[in-house]
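Accompanying notes for the structure given below.
We did not get these values from a lab; they are worked out from the coordinates using the rules stated. Bear in mind the structure is a predicted one, so any value in this text is a computation, not a measurement. Positions of Cβ are generated from backbone atoms using ideal geometry, with glycine treated the same way; all protein chains shown enter the neighbour counts.
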Amino acid sequence: MSYIFTSPRLGFRTWKSEDLAAKAALNADKEVMKYFPKPLSEKESQEMMDRMNQMYDEKGICYFAVDSLESGDLVGIIGLGWKSFEADFTPCVDIGWRLARPHWNKGYATEGAKASLEYGKQLGIKKIVSMASVDNLASIGVMKKIGMKYWKNFKHPELTDKPHLEIMALYQIDF
């Protein structure tokens, strides 16, 4: 397998058609998607994969498909994305992660996020942000572990119909 970059246990790559079943299962898991507006269908998962590959082609970043280097299994999504919704800090580069439940609590999110920050730094990105629902303490913990600093809370303009998700914690790191 050819990877764009790796960490000690993870390989980062663009999305392939063979990833659809695992990606759709990840996006359909209600526990994984607890802090997202809703679980996604297989069609929505395919559309997301297509958007990520297009983003990579255009900007050199995306939320990558991430494999375990040991098993070759797709463990989830980790990487950088371009955010352009209406806010006082956009457009910006965001770092994010979403892992299948069997891969939780193994340090993959932190390891993969650190590798993604390094990748962004190598690309010359000067500032990266991360956002999560204020109730998503696991993701906020990863943000802290990778050296990001709390910036502020904000109301996400695309989540006004989801009051339990609308208030987001925003963290940042500068290079």
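For the chain, what does -39500 (n - 2.57) per DSSP helix run (n ≥ 4), summed and divided by total residues, give at 222 nm, in deg cm²/dmol to the nearest 500? Could the numbers behind the result be given before it?
Details: 5 runs with 55 residues, N = 175.
Counting only the DSSP helices, I get -9500 deg cm²/dmol.
Each Cα pair under 8 Å and six or more residues apart adds its separation to the average, and for the chain the resulting relative contact order is 18 percent. Legend: distances between Cα atoms for K126/K162; K83/K106; K34/K126; K114/K155; K43/K114; K83/K152; pairs beyond 20 Å are K126/K162; K83/K106; K34/K126; K114/K155; K43/K114.
Which FRET efficiency, nearest 0.05, do W104 and L20 yield, Cβ-Cβ r, R0 22 Å? Efficiency, from the Cβ-Cβ distance: 0.50.
Summary of the geometry: region 100-122 and region 22-46, compared by the centres of their Cα atoms, lie 19 Å apart.
What FRET efficiency comes out for the pair D50/A28, r = Cβ-Cβ distance, R0 = 25 Å, nearest 0.05? Please list the in-between numbers first.
On the way: r = 18 Å, r/R0 = 0.71.
That gives a FRET efficiency of 0.90.
Size check on region 16-78: the Cα extents along the three principal axes, sorted descending, read 30, 29, 20 Å.
All Cα-Cα separations within the chain were binned at 5 Å from zero, giving a P(r) of 1, 8, 17, 22, 24, 18, 8, 2, 0, each value a whole percent of the pairs.
Mean Kyte-Doolittle of at least -1.0 and a Cα length of 18 Å or more along the axis: which whole DSSP H helices of the chain meet both? List each step's numbers first, then the result.
Details: long enough: 42-59 (25 Å, -2.13); 108-122 (21 Å, -0.93).
Flagged H segments are 108-122.
Efficiency by 1/(1 + (r/R0)^6): what FRET value for K155 and F36, r their Cβ-Cβ distance, R0 = 25 Å, to the nearest 0.05? For R0 = 25 Å, the calculated efficiency reads 0.90.
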